[in-house]
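These notes concern the structure reproduced below.
What follows is calculated from the coordinates using simple rules that are stated; it is not laboratory data. Keep in mind the model is a prediction, meaning the values are calculated, not measured. Note that each Cβ is placed from the backbone with ideal geometry, even for glycine, and that neighbours are counted across all protein chains shown.
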Ligand SMILES: Nc1ccn([C@@H]2O[C@H](COP(=O)(O)OP(=O)(O)OP(=O)(O)O)[C@@H](O)[C@H]2O)c(=O)n1
Ligand SMILES: C[C@](O)(CO)[C@H](O)COP(=O)(O)O
């Protein structure tokens, strides 16, 4: 039995605001997607990767992966979709029968530690159908509602019971397939936006298990995050 990692890289990176897709933006001389693929492979627990590519860039992405001496595991590249969820579904369609565990990881989290990948896979292989890495929330979080041009606070959730979740998220393949069919329909019917794959599993009513996340797996969303990532890399390679 094998573990497949779907590496989502088809986004445009509108909040980063560069003139190329975010996954191809360079960090320390290499595109974000390559950093992420190398770290997934370095975990030793991922057998193959499917990358979801932005429109028209399947060939570019495939050349990038094929030309890298550090990835060292089979990589296939497919067209992504218009949303992250659609891209994951496109990657999932390429899962083979032997891929009993599927990870979903964002190219936007290039510095994911291989140990975090191992932790997630190990929790799935120990019997949890859906596993997400989570970190405690350090800010107080307010729930709000629109009030004209402004917003009004409607509540303050108990911070000790909140987790900021990261990727890779890990799943038993059959559960993830079911979540992308039925869970997605249910979430849409209830007007819930699932911003991650675990959200679709929750929409099925199935449990999602949390393992400790890692601050190094932070998401590159804005220029500041990219700057932070270059500092982290400098420090860890110094
Ligand atoms: N249609 C999409 C949208 C997003 N992603 C991927 O999902 C991950 C998380 O998405 P996000 O950080 O929001 O990336 P973008 O959509 O590129 O960024 P933005 O929302 O700023 O445009 C990224 O690795 C992105 O490439 C994807 O594969 N397909
Ligand atoms: C999947 C995710 O990385 C978990 O935190 C996050 O929800 C992706 O959000 P984005 O707005 O698509 O970057």
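Quick notes on this structure:
- For the stretch 133-178, radius of gyration divided by Kirkwood radius, i.e. Rg to Rh on alpha-carbons: 1.19
- Compactness of the stretch 179-226 was expressed as the Cα radius of gyration divided by 2.2 N^0.38 Å, which yields 1.47.
- Label point 7 Å beyond Cα of residue 222 along Cβ direction - residues of the stretch 92-113 with amide nitrogen under 19 Å: 108-110
- Placing a label point 7 Å from the Cα of residue 138 along the Cα-to-Cβ direction, no residue of the stretch 106-123 has a backbone N closer than 16 Å.
- The stretch 25-86 versus the stretch 91-156: alpha-carbon centroid distance in Å: 19
- Dimensionless Rg over Rh [the stretch 1-144; C-alpha; Kirkwood]: 0.98
- Only helical runs count toward this figure. For the chain, summing -39,500 (n - 2.57) over DSSP H runs of n ≥ 4 and dividing by all residues gives -9000 deg cm²/dmol at 222 nm.
- Antiparallel bridges, percent of DSSP beta bridges restricted to the stretch 1-121 (to nearest 5): 10
- Contour excess over end-to-end distance, with Cα ends at residue 177 and residue 26 and 0.36 nm allotted per residue: 51.1 nm
- Length-normalised contact order for the stretch 52-159 - Cα pairs under 8 Å, 6+ apart - percent: 15
- Packing around the peptides 140-151, 6-17, 116-127, 216-227, taken as the average count of other Cβ atoms within 10 Å per residue, puts them in this order, highest first: 6-17, 116-127, 216-227, 140-151.
- Gaussian network model of the chain, springs between alpha carbon atoms under 10 Å - residue of 50, 153, 177 with greatest fluctuation: 153
- Full-stretch length increase - residue 76, residue 62 - with 0.36 nm per residue and alpha-carbon distance subtracted: 4.3 nm
- If the convex hull is drawn through the Cα atoms of the stretch 25-82, its volume per residue in Å³: 86
- Principal axis box of the stretch 78-151, alpha-carbon based, largest edge first, Å: 53, 30, 25
- Restricted to Cα atoms, the stretch 124-238 shows a radius of gyration and a Dmax of 17.3, 51 angstrom.
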